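Notes to accompany the following structure.
The values are calculated or read from the model by the stated rules, or taken from the named source; none is laboratory data. As the structure is a prediction and not an experimental result, all values here were calculated from the model. Cβ coordinates were reconstructed from backbone atoms using ideal geometry, including for glycine residues, and neighbour counts include every protein chain displayed.
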Ligand code: CP
Ligand code: NVA
């Protein structure tokens with residue numbers, strides 16, 4: 001229990017209900033379709049972004065997105081001096097909340113976010129940590145909903161390193177009624193705790209989850225999704241893992257073994273490593289839709305947690 005347990009943090013989505021998750025996806029669709037109804041949603045609100053890791057999409061989409069909602073963003077560059085070295089994250093959170101109406105933070109360890117949120121009396125939004133990337137997942141299901149009309153009963157298939165993006169896709173997908181396939185090389189599986197929680201959500205929401213090391217399980221996929229083989233903060237040399245990951249590269253031959261019409265990647269992507277350059281640039285690629293949707297999804301999150309809707 002946090003000191004401010006009734007405030008609206010978004011650290012994982014793990015504790016959201018299916019109804020809340022579906023309502024947020026509907027809001028994201030509406031924010032995208034009718035931005036004029038939300039252009040004052042953050043009027044007179046100030047949001048602080050404090051990032052320990054580099055970012056292109058998240059940083060820029062929050063900044064421009066907040067501007068489109070009538071709010072103001074202050075970016076605090078903690079990359080040079082990691083957030084928790086100078087003072088406790090709980091104190092950073094308490095101080096920022098003296099001025100800000102919300103905090104968006106990208107950190108190495110999930111615990112740093114939990115501490116930040118414990119100290120802050122304003123909502124804290126996870127902009128990526130070692131375990132989760134919730135804003136990314138909402139944006140990606142927004143894209144899937146646009147392409148298929150609905151995500152319910154469809155199948156999202158993730159191939160590659162079991163990581164923060166995989167975890168959030170699983171949790172958000174299970175809450176939205178989207179079947180899940182997760183294929184990783186041996187030794188690079190997802191967190192057993194998160195897999196267990198996702199299985200519980202899947203059971204409650206009538207969703208199938210397949211977790212395997214075999215790419216033969218990809219047949220039913222509607223979308224194939226991949227991500228970098230080495231996430232930020234992982235110093236493993238590429239040469240040490242390249243051979244193990246090579247059979248899991250997302251390429252045209254792999255796509256043809258499946259039912260999938262589209263490919264997704266959260267980016268930054270490494271051309272001809274986890275995904276072929278030609279597939280990235282093909283008409284199957286939803287990468288730029290995903291990038292665009294980061295802003296609409298995050299704006300929906302901020303409208304719901306921090307702002308007020310004028311529609
Ligand atoms: N997908 C994503 O979060 O990109 P950035 O790391 O550039 O923010
Ligand atoms: N798994 C990647 C996602 C980047 C957006 C990482 O954490 O580096």
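See the values below:
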item: Flag if residue 60 is part of a helix (DSSP H, G or I), under 21 Å from residue 138 (Cβ atoms), in contact with a helix residue (DSSP H, G or I) (Cβ under 9 Å, 6 or more places away or on another chain) and free of Cβ contacts under 8 Å to residues at least 60 places away in the same chain; result: yes
item: When residues of region 131-172 are limited to those that are within 13 Å of ligand 1 (Cβ to nearest atom) and not in a helix (DSSP H, G or I), the one farthest from the chain's Cα centre (by Cα); result: 163
item: Lone qualifier among 66, 125, 47 - being more than 14 Å from ligand 2 (Cβ to nearest atom), closer than 25 Å to residue 175 by Cα, touching a strand residue (DSSP E or B) at 6+ places or on another chain (Cβ under 8 Å) and outside any loop (DSSP other than H, G, I, E, B); result: 125
item: Some residue of region 106-117 being within 14 Å of ligand 1 (Cβ to nearest atom), in a strand (DSSP E or B), on the phi < 0 side of the Ramachandran plot and in contact with a helix residue (DSSP H, G or I) (Cβ under 7 Å, 6 or more places away or on another chain); result: yes
item: Test for residue 125: is it buried (at least 24 other Cβ atoms within 10 Å of the Cβ), over 29 Å from residue 230 (Cα atoms), within 16 Å of ligand 1 (Cβ to nearest atom) and at pLDDT 95 or above; result: no
item: Among (1) out of contact with any helix residue (DSSP H, G or I) (no Cβ under 8 Å at 6 or more places or on another chain); (2) surrounded by 19 or more Cβ atoms within 10 Å (Cβ to Cβ); (3) under 22 Å from residue 155 (Cβ atoms), the one test that residue 256 misses; result: (2)
item: Any chance residue 263 is under 18 Å from the mean Cα position of the chain (by Cα) and away from ligand 1 (no atom under 13 Å from the Cβ); result: yes
item: Inter-residue pairs, beta-carbon under 7 Å, first free of Cβ contacts under 8 Å to residues at least 12 places away in the same chain and in region 253-271, second more than 16 Å from ligand 1 (Cβ to nearest atom) and assigned to a helix (DSSP H, G or I), 6+ apart; result: 271/277
item: Number of the condition not met by residue 56 [criteria: (1) within 16 Å of ligand 2 (Cβ to nearest atom); (2) touching a strand residue (DSSP E or B) at 6+ places or on another chain (Cβ under 9 Å); (3) at pLDDT 95 or above]; result: (2)
item: Within region 242-252, considering residues that are without any contact (Cβ under 8 Å) to a residue 40 or more places away in the chain and either touching a strand residue (DSSP E or B) at 6+ places or on another chain (Cβ under 9 Å) or within 16 Å of ligand 2 (Cβ to nearest atom) (or both), the one nearest to residue 51 (Cα to Cα); result: 249
item: Hits in region 165-200 - residues which are crowded, with 24+ Cβ neighbours inside 10 Å and farther than 22 Å from residue 251 by Cα; result: 167, 168, 170, 171, 172, 173, 174, 175, 176, 178, 198
item: Cβ pairs under 8 Å, 6+ apart, first in region 280-306 and under 10 Å from residue 65 (Cβ atoms) and in a loop (DSSP other than H, G, I, E, B), second at pLDDT below 95 and within 16 Å of ligand 2 (Cβ to nearest atom); result: none
item: One residue from 205, 179, 193 being out of contact with any strand residue (DSSP E or B) (no Cβ under 7 Å at 6 or more places or on another chain), without any contact (Cβ under 8 Å) to a residue 60 or more places away in the chain and more than 16 Å from ligand 2 (Cβ to nearest atom); result: 193
item: Region 216-241: number of residues that are surrounded by 12 or more Cβ atoms within 10 Å (Cβ to Cβ) and not in a loop (DSSP other than H, G, I, E, B); result: 7
